[in-house]
Amino acid sequence: MTICPAPLHLRLVLVFSGKRKSGKDFITDRIQERLGRGVCCVLRLSGPLKHQYAQEHGLDLDQLLGPGPYKERYRGDMICWGESRRRQDPGFFCRLATRGALQPVWVVSDARRLSDLTWFKSRFPQQTRTVRVQSSEETRRQRGWSFTAGVDDAESECGLDSGVEFDWIITNEVNAPSLEEQLQPILKLVEESAVL
Ligand SMILES: Nc1ncnc2c1ncn2[C@@H]1O[C@H](COP(=O)(O)OP(=O)(O)OP(=O)(O)O)[C@@H](O)[C@H]1O
Ligand SMILES: C[C@@](O)(CCOP(=O)(O)O)CC(=O)O
């Protein structure tokens, strides 16, 4: 396999993970707002997956991409569908999601498996940092989460529960330090990477 060098414009790859309704999209959107769309793009590994799944199954892509309950009806089947692609090629969705990303900071919102982290760390070893978002089950419940067997006890949700040393852990709870405060070290690193 040929490994392509990191694109010259790429300074930082922030790879986020966290359980359902921990707030990955909420936080990565805040980071993009802070940095601006010219500097920072949010890349979702589930983007190309949902795109193709929606096309093949005649589903509403916008709703699959959104935070509402619609996507939960299809989550189990989407996981199986995506895993059959990943078995043939573990980097399949990582490659598609990063294709054509021209900004110097990439924020990947939804790593779920060790193979996702390995893909970014092996391609962009200098640039990649990992961030875990965590919230209590109670908080996640208030945001619409309920335990689903086959999803919440499977690799899609548990693949990064152990064996990873994250560069940062963000606690997304009302009684935790503010997100503003917790995001400071990350935003500082962006500044040091001289993209602002
Ligand atoms: N700190 C916060 N303050 C207010 N609302 C929040 C906060 N964090 C998350 N939310 C809300 O909780 C819901 C779930 O958050 P979000 O979609 O970001 O989670 P997620 O981890 O991306 O979940 P999923 O894996 O299901 O996509 C959203 O409606 C979001 O707006
Ligand atoms: C099918 C899947 O990509 C859905 C992800 O949806 P979301 O990021 O939770 O909105 C999860 C997976 O790939 O295991």
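The values are calculated or read from the model by the stated rules, or taken from the named source; none is laboratory data. Here the structure is a predicted model, which means the values were calculated and not measured. Glycine also receives a Cβ, built like all others from the backbone with ideal geometry; neighbour counts cover every protein chain displayed.
Numbers below:
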quantity	calculated
Residue within region 175-193 that is out of contact with any strand residue (DSSP E or B) (no Cβ under 9 Å at 6 or more places or on another chain), under 30 Å from residue 73 (Cβ atoms) and surrounded by fewer than 16 Cβ atoms within 10 Å (Cβ to Cβ) present	no
Failed item in (1) more than 28 Å from residue 183 (Cα to Cα); (2) touching a His at 6+ places or on another chain (Cβ under 8 Å); (3) touching a residue at least 60 places away in the same chain (Cβ under 8 Å), with residue 61 passing the rest	(3)
Selection within region 117-157 - outside any loop (DSSP other than H, G, I, E, B) and either surrounded by fewer than 14 Cβ atoms within 10 Å (Cβ to Cβ) or of a type in the set (Ser, Thr, Tyr) (or both)	118, 122, 128, 130, 137, 138, 139, 141, 142, 156
Qualifying residue in region 103-110 (condition: among the charged types (D, E, K, R), touching a residue at least 40 places away in the same chain (Cβ under 8 Å) and within 16 Å of ligand 1 (Cβ to nearest atom))	yes
Answer from 37, 95 - the residue that is outside any helix (DSSP H, G or I) and either among the hydroxyl-bearing types (Ser, Thr, Tyr) or away from ligand 1 (no atom under 12 Å from the Cβ) (or both)	37
Residue count, region 44-73 (criterion: within 8 Å of ligand 2 (Cβ to nearest atom), part of a helix (DSSP H, G or I) and either in contact with a strand residue (DSSP E or B) (Cβ under 9 Å, 6 or more places away or on another chain) or under 18 Å from residue 150 (Cβ atoms) (or both))	4
Residues satisfying the stated conditions in region 26-43, i.e. surrounded by 19 or more Cβ atoms within 10 Å (Cβ to Cβ) and either within 11 Å of the chain's Cα centre (by Cα) or free of Cβ contacts under 8 Å to residues at least 40 places away in the same chain (or both)	27, 28, 42, 43
Residue list for region 32-42, filter: of a type outside the set (Gly, Ala, Ser) and away from ligand 2 (no atom under 12 Å from the Cβ)	32, 33, 34, 35, 37, 39, 40, 41
Failed condition for residue 110, given (1) more than 15 Å from ligand 2 (Cβ to nearest atom); (2) part of a strand (DSSP E or B); (3) charged (D, E, K, R)	(1)
Every residue from region 161-196 that is farther than 23 Å from residue 37 by Cβ and in contact with a Lys or Arg (Cβ under 7 Å, 6 or more places away or on another chain)	166, 167, 169
Criterion (touching a Lys or Arg at 6+ places or on another chain (Cβ under 7 Å), hydroxyl-bearing (Ser, Thr, Tyr), surrounded by 17 or more Cβ atoms within 10 Å (Cβ to Cβ) and closer than 15 Å to residue 110 by Cα) met by exactly one of 46, 17	17
Some residue of region 46-62 being modelled with pLDDT of 95 or more, within 18 Å of the chain's Cα centre (by Cα), charged (D, E, K, R) and within 16 Å of ligand 1 (Cβ to nearest atom)	yes
